[in-house]
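Q: After the structure tokens below, expect a handful of questions from me.
The values are calculated or read from the model by the stated rules, or taken from the named source; none is laboratory data. Everything numeric here is computed off the predicted structure, so don't read it as measured data. Cβ placement follows ideal geometry from the backbone for every residue including glycine, while neighbour counts extend to all protein chains displayed.
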Amino acid sequence: METSAATPIEATPQAEPKAPRGPRKPPIALTPKAVEMVKKAMEDQKLDGFTLRVAVVGGGCSGFNYDLDLIKETRPTDFTFVMDGLSVAIDPMSTQYLKGTVVDYVESLQGAGFKFQNPNAKSTCGCGSSFSA
């Protein structure tokens with residue numbers, strides 16, 4: 001039995017893009033449960049003021065892996081935004097693979113963890129943390 005609050009939270013961009021079109025829509029969304037669990041991890045580890053970095057890295061059995069990290073400083077090229085008080089950063093390369101992705105936190109009999117619902121993934125591996133694009 002899985003439990004999840006699957007409705008993503010609206011994000012607020014932190015920086016204006018260079019184009020005069022106004023703030024861009026963040027490439028990903030996090031569910032309330034995902035935000036709650038990241039904030040809890042930050043509190044448990046005493047990482048006040050840190051940012052959640054969501055990235056795609058090469059590797060895994062399908063070609064790419066999702067990577068979550070808590071960082072002190074973002075890079076100037078990162079796309080940064082805030083979701084329910086949680087600062088999030090994504091590097092430009094990862095943005096193209098993550099566009100439209102919803103990050104959730106699920107709990108089941110097999111365990112608990114972050115789940116990525118990525119519309120760009122052509123296939124995923126059985127572990128759920130690896131995909132091909």
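Q: From the set of residues in region 71-85 that are touching a strand residue (DSSP E or B) at 6+ places or on another chain (Cβ under 6 Å) and under 19 Å from TYR105 (Cβ atoms), which is surrounded by the fewest Cβ atoms within 10 Å (Cβ to Cβ)?
A: Result: VAL82.
Q: While we're looking at this one, here's another question. Are any of the residues in region 67-89 of a type in the set (Asp, Glu), without any contact (Cβ under 8 Å) to a residue 60 or more places away in the chain and farther than 17 Å from GLY113 by Cβ?
A: Yes, the conditions are met somewhere in region 67-89.
Q: Give the residue that is surrounded by the most Cβ atoms within 10 Å (Cβ to Cβ), with candidates limited to residues of region 12-35 that are modelled with pLDDT under 80 and of a type in the set (A, V, I, L, M, F, W, C).
A: Here the answer is ALA15.
Q: Specify the residue that is modelled with the lowest pLDDT; the eligible residues are those in region 89-124 that are under 17 Å from VAL57 (Cβ atoms) and of a type in the set (A, V, I, L, M, F, W, C).
A: ALA121
Q: Going by the structure shown, is VAL38 modelled with pLDDT of 95 or more and either assigned to a strand (DSSP E or B) or among the aromatic types (Phe, Trp, Tyr) (or both)?
A: Judged against the criteria, VAL38 is not a match.
Q: Filter region 71-111 for residues that are closer than 25 Å to LYS122 by Cα, among the β-branched types (Val, Ile, Thr) and touching an Asp or Glu at 6+ places or on another chain (Cβ under 8 Å) and give the result.
A: Result: ILE90, VAL106.
Q: Regarding LYS39, is this residue of a type outside the set (S, T, N, Q), surrounded by fewer than 16 Cβ atoms within 10 Å (Cβ to Cβ) and more than 17 Å from GLY113 (Cβ to Cβ)?
A: The answer is no for LYS39.
Q: Kindly evaluate ASP44 against the criterion of being on the phi < 0 side of the Ramachandran plot, among the acidic types (Asp, Glu) and over 12 Å from the mean Cα position of the chain (by Cα).
A: So ASP44 fits the description; yes.
Q: When you check LEU68 against the structure, is it more than 14 Å from THR31 (Cα to Cα) and hydrophobic (A, V, I, L, M, F, W, C), yes or no?
A: yes
Q: Filter region 26-40 for residues that are in contact (Cβ under 8 Å) with a residue 12 or more places away in the chain and out of contact with any strand residue (DSSP E or B) (no Cβ under 7 Å at 6 or more places or on another chain) and give the result.
A: Listed by number, the residues that qualify are PRO32, GLU36.
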